[in-house]
Amino acid sequence: MPQQKPATRPSAGLRPGRGGLGSIAVITFILIAVAQYMIFMYVPDDATLGLIQRIFYFHVASAWNALLAFGVVFVASILYLAKGERRYDALAYSSAEIGVLFTSLVLITGPIWGKISWNQWWTWDPRLTTTLILWFIYVAYLLIRMAADEPEKRARFAAVFGILGFIDVPIVFFSIRWWRTIHPVVISWQGAAMEKSMLQTMIVSFVAFSFLFVYLLINRLRVEAMQDEVAQLKERLQGTR
Amino acid sequence: MSFLRKVGLLAWKDLRAEFRTKEMISAMLIFALLVIVIFAFAFDPSRDEVRSIFGGLIWVAFFFAGILGLNRSFANERLNDALHGLMLSPVDHSAIYFGKLLGTWAFMTIVEVIALPVFIVIYNYAPSGSWLLAIAVILLATLGFVAIGTFLAALTANTKASEVLLPVILFPIIIPVVIGAVEATRGVFGGLPLDDFVTWFKVLAVYDAIFIAVPFLLFEYLLEV
Amino acid sequence: MPSAAKALPYLFAAYTVIWVVVFGYTLSIGARQRKLAQDLELIKSAVEKRAN
């Protein structure tokens, strides 16, 4: 039997070894568990907001992850338009999906906090409102990917929108902030100085979520790489027919 | 032929084609009027509060009507593969963008200038303030809307489900224009001192500048085949 | 300050949502990878058969 040449992997560069990913998974899990323990057991109740303030840690960490993810989309989109390499497109897509996931978490946990501390689910607070618009922008990004059928065109259009959307975010934020100063914000959250233990918990949460982001991103990228491989093999199969 | 002249010619081509049938302008106008009439059933149109929300009402009507125009601006060029013809003509692709932008800007402004007096009459609204400023708001806000709208219309025209997709991807991006247009209109028509709402003119101007520059740089990537 | 008794279920709900969503997403990625791995196996064997 002649030796079959191994299939060349189209996006081999995207695939980290199983071992590396496993250790990231373990570190992520431990860090999140530690953060969770600190949130429930280690930090004291907030002096003014009480128990509910403990939502804050993962809520803000999710927002951080969302911003990180959309920053990656922006950079990967520019790189894609500059170099036209499929791996940047895969990176932008994977990161956008994860960003929408974390934005959704921010939007779910925010009102849960608001119901207790402001006694209403939603306020048109600049941060909350900007997060909502952010969610819409990146859902739109995912919709564009669904609507464009040829892979190359899909990547190009998505990259263009990924750049446009990210540039829009600060403008949205500031226009909403000025808008809210005209309609005075009824309820505001006083950013009290953080206690040391609170700051520690916050930092651990941030680090844990950053690891979570990297772990999810690598796994999501692997899905893209495998899809490329399937598509390429299918093409070869049809070619030999 | 200078760049500006090419842009002008491309816009003129669209205007001439439209004035032959008046298909799109009349549809946009009727739609804008319908939106305003439907608003009258959503709340009591005879109440005084109308004064404070009038700016919001007219812009919702204008932006919704604008979507109709944008959806057609590139979809029309797909008939008979006219877009390829345009791309093969000896003009920069960005000239196509600016031509389309100018055309749609003109259509929307015409619709707005006709519809606004009607809105004022049927809501018994008495706007105060300078008309010059009101025209400036209309031109600036409409420019921001069509600048990014034309660009995204070129994007969606090349996808399946283009007409559904355009409003969904356009509205999140134009939130600053919506806020700026509504607040500036409220200020102008409410007869407030200019200092109270000059911020919104700045927001609109900055937005317009950014979202003409960025599409100008990126438009090439939308037309590659 | 809102009472702790009132806040506790909300706090619990918030963290449950975070855990469920993150775990759900991780599992869905895992499922996609498994399915793709199966597809790959299938196609690879088909390619090999054709080559022989």
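A compact table of results
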| item | result |
| --- | --- |
| Segment B:75-193: proportion of alpha-carbon pairs further apart than 19 angstrom, % | 57 percent |
| Cα centre as origin, Lys/Arg/Asp/Glu Cβ charges: segment B:14-162 dipole, Debye | 160 debye |
| Gaussian network model of chain A, Cα within-10 Å springs - most flexible of A:Gly114, A:Gly165, A:Gly71 | A:Gly114 |
| Residue among A:Phe174, A:Phe70, A:Phe166 with the largest mean-square fluctuation in a Gaussian network model of chain A, springs linking Cα atoms under 10 Å | A:Phe174 |
| The protein assembly as shown - charge dipole about Cα centre, Lys and Arg +1 at Cβ, Asp and Glu -1, debye rounded to 20 | 1460 debye |
| Entries of A:Lys153/B:Lys100; A:Lys153/B:Lys202; A:Lys196/C:Lys6; A:Lys153/B:Lys6; A:Lys234/B:Lys160; A:Lys196/B:Lys202 with Cα pairs more than 31 Å apart | A:Lys153/B:Lys202; A:Lys196/B:Lys202 |
| Backbone HN-Hα couplings from phi across segment B:16-27 [Karplus 6.51/-1.76/1.60, Hz, Gly and Pro as x] | 5, 4, 6, 5, 5, 10, 6, 4, 6, 4, 5, 5 |
| Within chain C: Cβ-based charge dipole about Cα centre, in debye rounded to nearest 20 (Lys, Arg +1; Asp, Glu -1) | 100 debye |
| Inter-chain Cβ neighbour average for residues A:99-110, partner chain, 10 Å | 2 |
| Among A:Gly84, A:Gly20, A:Gly110: highest mean-square fluctuation, GNM of chain A, C-alpha pairs under 10 Å | A:Gly20 |
| Net charge of neighbours whose Cβ lies under 10 Å from the Cβ of A:Ile176, counting Lys and Arg as +1 and Asp and Glu as -1 | +2 |
| Shielding by other protein chains, B:168-181, mean Cβ within 10 Å | 6 |
| Mean Cβ count within 10 Å, highest first, over the residues of peptides B:58-71, C:15-28, B:197-210 | B:58-71, B:197-210, C:15-28 |
| Packing-based order for B:11-18, B:36-43, using average beta carbon neighbours within 10 Å, highest first | B:11-18, B:36-43 |
| Isotropically averaged projected area of chain A, using the convex hull of Cα atoms (one quarter of hull area), nm² | 16.8 nm² |
| Per-residue ³J(HN,Hα) for segment B:139-145, Karplus 6.51 cos²θ - 1.76 cosθ + 1.60, θ = phi - 60°, Hz, x for Gly and Pro | 5, 5, 5, 5, 4, x, 5 |
| Net charge of Cβ neighbours under 15 Å - reference C:Val17; Lys, Arg +1; Asp, Glu -1 | +2 |
| 222 nm mean residue ellipticity, helices alone, for the protein assembly as shown (DSSP H n ≥ 4; -39,500 (n - 2.57); rounded to 500) | -28500 deg cm²/dmol |
| Rel. contact order, % - alpha carbon contacts under 8 angstrom, at least six apart, chain B | 26 percent |
| Contact order normalised by residue count of chain A, Cα under 8 Å, 6+ apart, percent | 34 percent |
| Cα-based Rg and Dmax for segment B:3-223, where Dmax is the largest Cα-Cα distance (Å) | 17.7, 57 |
| DSSP H segments from chain A that extend 24 Å or more along their own axis, Cα-based, with Kyte-Doolittle mean of 1.0 or above | A:18-37, A:55-83, A:126-147 |
| Shielding score for A:52-64, defined as the mean number of other chain Cβ atoms within 10 Å | 3 |
| Helix C:4-51 axis, angle to chain C major axis (alpha carbon atoms, nearest 10°) | 0 degrees |
| Convex hull of the protein assembly as shown built on C-alpha atoms - directionally averaged projected area, nm² | 30.1 nm² |
| Charge tally in the Cβ shell below 12 Å around B:Trp105, where Lys, Arg are +1 and Asp, Glu are -1, B:Trp105 excluded | -2 |
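No lab work stands behind these numbers, since they all come straight from the coordinates. Keep in mind the model is a prediction, meaning the values are calculated, not measured. Every residue, glycine as well, gets a Cβ built from its backbone with ideal geometry; the counts of neighbours run over all protein chains shown.
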